[in-house]
Amino acid sequence: WCIGALLCALATVAQAGDAEVPALYVGPFAGYHTVPGFLLSFEADTYPKGGLKGHAEGIRFGYNFNDAYSLGGVLFHSDVSGSGPWGQRGKAESYGVAGTARGTVDMDVLGVGIEGARRFHIWNSLGLVTRLGLGVGYVDVNFDGSFDGYVIDYPDHKIHEPAHEHRNRIIPLLGLGASLEWRPLRNLVISAGPHWNTGFGAEASVSYLFDF
């Protein structure tokens, strides 16, 4: 009963002090992240069909114009991995061999972008926030495994050897998200919900508001 009364009191204080005033905000976010297989087709012709799984984290910072709209920046990092086949169609044949490379694929994405948010009040200190962001990212892909095959001109000559590949490039980023947002205190915001940014997942975040 005491805990419930305290939470209600905090929500009442937050709502009472929730005036539509400008504020700066900053806070971290983190969660799980999955890169689906179809996105890997931009990197290789054969790839783990189940995609790559891991985590994502970052930090948001910016300006709340009022209780409904905000605009700011986001720093984003994801680290995912998965196991399965990997390679470019025809690459092995160009070396006079045929076969399949299998192993572990690791992908890191480091990005920066701008992000706008729209908030909708639900009840008391609870709300819904939707986000849209655009940015640029650096993708680093590493494959570590083995190649099993044979020499095309000598099919009886079997091959089993280590296989490694590393590639990186710059890509555009599109960020989408929707979260339930709770403000237990006037300057503290806690939120959680699904996201998309070179893959999909769910994240939780904590932000602090600096009133003018």
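The values are calculated or read from the model by the stated rules, or taken from the named source; none is laboratory data. This one's a predicted model, so the numbers in the text were calculated from it and none came from an experiment. Glycine gets a Cβ as well: all are built from the backbone with ideal geometry, and neighbour counts include every protein chain shown.
Only one entry of 53, 49 meets the criterion of being under 30 Å from residue 91 (Cβ atoms), surrounded by fewer than 19 Cβ atoms within 10 Å (Cβ to Cβ) and at pLDDT 95 or above, and that entry is 53.
Answer yes or no as to whether residue 98 is touching a strand residue (DSSP E or B) at 6+ places or on another chain (Cβ under 9 Å), modelled with pLDDT under 95 and within 21 Å of residue 40 (Cα to Cα). Taking the combined requirement at face value, the residue does not satisfy it. Considered as a group, the residues in segment 28-40 that are closer than 16 Å to residue 108 by Cα and not aliphatic (A, V, I, L, M) include one that is surrounded by the most Cβ atoms within 10 Å (Cβ to Cβ), and that residue is 33. Of all the numbered requirements in (1) surrounded by fewer than 18 Cβ atoms within 10 Å (Cβ to Cβ); (2) more than 19 Å from residue 52 (Cα to Cα); (3) touching a residue at least 12 places away in the same chain (Cβ under 8 Å), residue 183 misses one, and that requirement is (1).
Do we find a residue being farther than 24 Å from residue 88 by Cβ and of a type in the set (Val, Ile, Thr) anywhere in segment 185-197? The answer is yes, given that some residue of segment 185-197 is farther than 24 Å from residue 88 by Cβ and of a type in the set (Val, Ile, Thr).
In segment 67-86, which residues are out of contact with any Lys or Arg (no Cβ under 9 Å at 6 or more places or on another chain) and either under 27 Å from residue 126 (Cβ atoms) or not in a strand (DSSP E or B) (or both)? Listed by number, the residues that qualify are 71, 76. Taking the condition closer than 21 Å to residue 65 by Cβ, of a type in the set (D, E, K, R) and assigned to a strand (DSSP E or B), does residue 181 pass? It is true that residue 181 is closer than 21 Å to residue 65 by Cβ, of a type in the set (D, E, K, R) and assigned to a strand (DSSP E or B).
The residues of segment 87-125 that are in a strand (DSSP E or B), surrounded by fewer than 14 Cβ atoms within 10 Å (Cβ to Cβ) and not β-branched (Val, Ile, Thr), listed by number, are 98, 118, 120, 123.
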